[in-house]
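*Asks:* Got a structure here, written out as structure tokens. Questions coming.
The values are calculated or read from the model by the stated rules, or taken from the named source; none is laboratory data. The shown structure was predicted, so the numbers you read here are calculated from the model rather than taken from an experiment. With ideal geometry, Cβ positions are generated from the backbone for all residues, glycine too; neighbour counts draw on all protein chains shown.
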Amino acid sequence: MNVLILSAGLGTRLRPLTQDMPKPLVPVVDKNILEIQVERARSLGAVYLHANAHYLAEQVVAEGKHLGFEKVWEEPEILGTAGPLKRIFNAGYRDGLLVMNGDAYCRFDLSEFIYNAKTSGCGVALLAVEFPQVNTFRVDAQSHLAGVAGRFGSEEGRHATFSGVSWYSDEALSRIKDGEFDIREFWKQELVAGRPIYVDCHQMDATWIDMGSPAGLKAACDARLEELGVESWRGDKADGMNVSAGSAIVTGHSVIQKGVEIPPDVRIDNSILFAGAELAPGETVKDEIRGRGFAWKV
């Protein structure tokens with residue numbers, strides 16, 4: 001099976017952190033989100049990994065090579081979601097396509113999702129989560145997509161949020177029009193043609209975090225620390241778990257990335273520090289994300 005990790009976003013909500021680093025390569029404690037998604041995908045067994053890249057594409061290409069990707073598809077212009085799917089199909093890749101986001105920290109049982117998708121009888125399957133702030137999906141009693149609020153279809157049905165994880169059969173991929181960018185338009189065309197789209201609501205309460213904002217990045221790091229079973233993390237230590245830093249005191253869910261210079265008597269509490277963060281001797285850094293040229297309260 002092929003897996004596409006969407007990695008072409010501009011990362012504007014995380015500027016200036018993403019000024020020189022694409023969002024999928026932002027470290028979430030010990031690994032960047034692209035690497036974490038690769039680990040999730042490889043839990044399925046033998047897969048062919050793909051990514052699309054636009055902003056700072058050369059960095060995504062290099063990381064893809066390091067991680068053993070089949071191909072990183074560079075996009076001189078952003079092609080939405082439908083565009084990369086069609087490119088992969090047109091290049092001759094077959095055996096279905098799992099799509100994942102390069103800016104979401106999540107813990108889904110992908111094997112369960114793929115099984116449900118393939119046994120649903122539908123050519124397209126979408127994995128849903130409970131996120132009341134969005135919840136634009138409308139899902140009918142047969143677990144089929146009834147509509148997307150404000151876009152098309154019915155306003156009736158169970159409310160849910162699209163997780164960004166989806167599966168497409170080869171037959172469904174063949175129906176995406178060349179030059180089509182917006183995947184929601186393709187979903188609409190499928191429904192109009194009488195082809196149901198399965199919405200998997202079995203993992204509504206699973207961990208799913210949009211890490212594209214400062215608050216989301218902090219939540220993703222907290223979730224990663226929990227997954228690793230540690231309170232805090234320091235990137236320049238061999239095991240990452242020895243967070244002592246001279247006379248500094250590190251408490252809470254704190255992450256100190258490589259290259260952070262820590263002056264004497266600093267207290268770091270529930271914060272993330274990236275290389276270039278400026279700290280004064282004796283300062284207390286609490287509930288912050290700090291790096292070169294920025295300090296965000298979270």
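*Asks:* Given the criterion over 30 Å from Asn32 (Cα atoms) and among the aliphatic types (A, V, I, L, M), identify the matching residue among Val148, Val230, Val199. Write out each step before concluding.
*Replies:* Values: Val230 fails: over 30 Å from Asn32 (Cα atoms); Val199 fails: over 30 Å from Asn32 (Cα atoms).
Only one candidate passes the filter, namely Val148.
*Asks:* Where residues in the stretch 130-152 are without any contact (Cβ under 8 Å) to a residue 60 or more places away in the chain and crowded, with 19+ Cβ neighbours inside 10 Å, which of them is farthest from Gly194 (Cα to Cα)? Walk me through how you get there before you give the answer.
*Replies:* Taking the stretch 130-152 as the starting set, the residues that turn out to be without any contact (Cβ under 8 Å) to a residue 60 or more places away in the chain are 132-136, 138, 140-152.
Among the residues that remain, those that are also crowded, with 19+ Cβ neighbours inside 10 Å are: 138, 143, 145-147.
Details: Arg138: 17, Ser143: 15, Leu145: 12, Ala146: 11, Gly147: 13 Å.
Checked the stretch 130-152; the qualifying residue farthest from Gly194 (Cα to Cα) is Arg138.
*Asks:* Considering the stretch 1-26 alone, what residues qualify as being out of contact with any strand residue (DSSP E or B) (no Cβ under 8 Å at 6 or more places or on another chain) and outside any loop (DSSP other than H, G, I, E, B)?
*Replies:* Within the stretch 1-26, the subset out of contact with any strand residue (DSSP E or B) (no Cβ under 8 Å at 6 or more places or on another chain) is 9-15, 18-21, 23.
If the condition is that a residue be out of contact with any strand residue (DSSP E or B) (no Cβ under 8 Å at 6 or more places or on another chain) and outside any loop (DSSP other than H, G, I, E, B), then Thr12, Arg13, Leu14, Lys23 are the ones that fit.
*Asks:* Tell me, please, whether a residue that is among the polar types (S, T, N, Q), under 28 Å from Pro22 (Cα atoms), modelled with pLDDT of 95 or more and surrounded by fewer than 18 Cβ atoms within 10 Å (Cβ to Cβ) can be found in the stretch 181-191.
*Replies:* Step one: of the stretch 181-191, the residues among the polar types (S, T, N, Q) are 189.
Remaining after also requiring under 28 Å from Pro22 (Cα atoms): none.
No, every residue in the stretch 181-191 fails to be among the polar types (S, T, N, Q), under 28 Å from Pro22 (Cα atoms), modelled with pLDDT of 95 or more and surrounded by fewer than 18 Cβ atoms within 10 Å (Cβ to Cβ).
*Asks:* Among the residues of the stretch 57-81, which ones are assigned to a loop (DSSP other than H, G, I, E, B) and either among the aromatic types (Phe, Trp, Tyr) or within 30 Å of Trp187 (Cβ to Cβ) (or both)? Before you say what the answer is, go through the steps one by one.
*Replies:* Taking the stretch 57-81 and keeping what is assigned to a loop (DSSP other than H, G, I, E, B), we get 68-70, 75-81.
Within the stretch 57-81, Phe69, Glu70, Glu75, Pro76, Glu77, Ile78, Leu79, Gly80, Thr81 meet the criteria.
*Asks:* How do the pairs read when you match residues in the stretch 179-192 that are assigned to a helix (DSSP H, G or I) with residues anywhere that are loosely packed, with under 15 Cβ neighbours inside 10 Å, using Cβ under 8 Å and keeping only pairs 6 or more apart or on different chains?
*Replies:* Arg184/Arg151; Phe186/Lys177; Lys188/Arg151
*Asks:* Is it fair to say Arg195 is among the basic types (Lys, Arg) and assigned to a loop (DSSP other than H, G, I, E, B)?
*Replies:* On the way: among the basic types (Lys, Arg): yes; assigned to a loop (DSSP other than H, G, I, E, B): yes.
Considered against the rule, which asks whether it is among the basic types (Lys, Arg) and assigned to a loop (DSSP other than H, G, I, E, B), Arg195 comes out as yes.
Yes or no, residue by residue, for (1) crowded, with 19+ Cβ neighbours inside 10 Å; (2) modelled with pLDDT under 95; (3) not polar (S, T, N, Q):
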{"position": "Leu49", "(1), (2), (3)": "yes, no, yes"}
{"position": "Glu70", "(1), (2), (3)": "no, no, yes"}
{"position": "Arg94", "(1), (2), (3)": "no, no, yes"}
{"position": "Asn101", "(1), (2), (3)": "yes, no, no"}
{"position": "Ala128", "(1), (2), (3)": "yes, no, yes"}
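*Asks:* Run Glu35 past the list (1) more than 11 Å from the chain's Cα centre (by Cα); (2) surrounded by fewer than 18 Cβ atoms within 10 Å (Cβ to Cβ) and report the number of the one that doesn't hold.
*Replies:* Here Glu35 meets the rest and fails (1).
*Asks:* Scanning the stretch 192-228 for residues that are more than 21 Å from the chain's Cα centre (by Cα) and surrounded by fewer than 20 Cβ atoms within 10 Å (Cβ to Cβ), which turns out nearest to Ile114 (Cα to Cα)?
*Replies:* Of the residues in the stretch 192-228, the ones more than 21 Å from the chain's Cα centre (by Cα) are 192-198.
Next, only the ones that are surrounded by fewer than 20 Cβ atoms within 10 Å (Cβ to Cβ) stay: 192-196.
Working: Val192: 25, Ala193: 24, Gly194: 22, Arg195: 19, Pro196: 17 Å.
Of everything passing the filter in the stretch 192-228, Pro196 is nearest to Ile114 (Cα to Cα).
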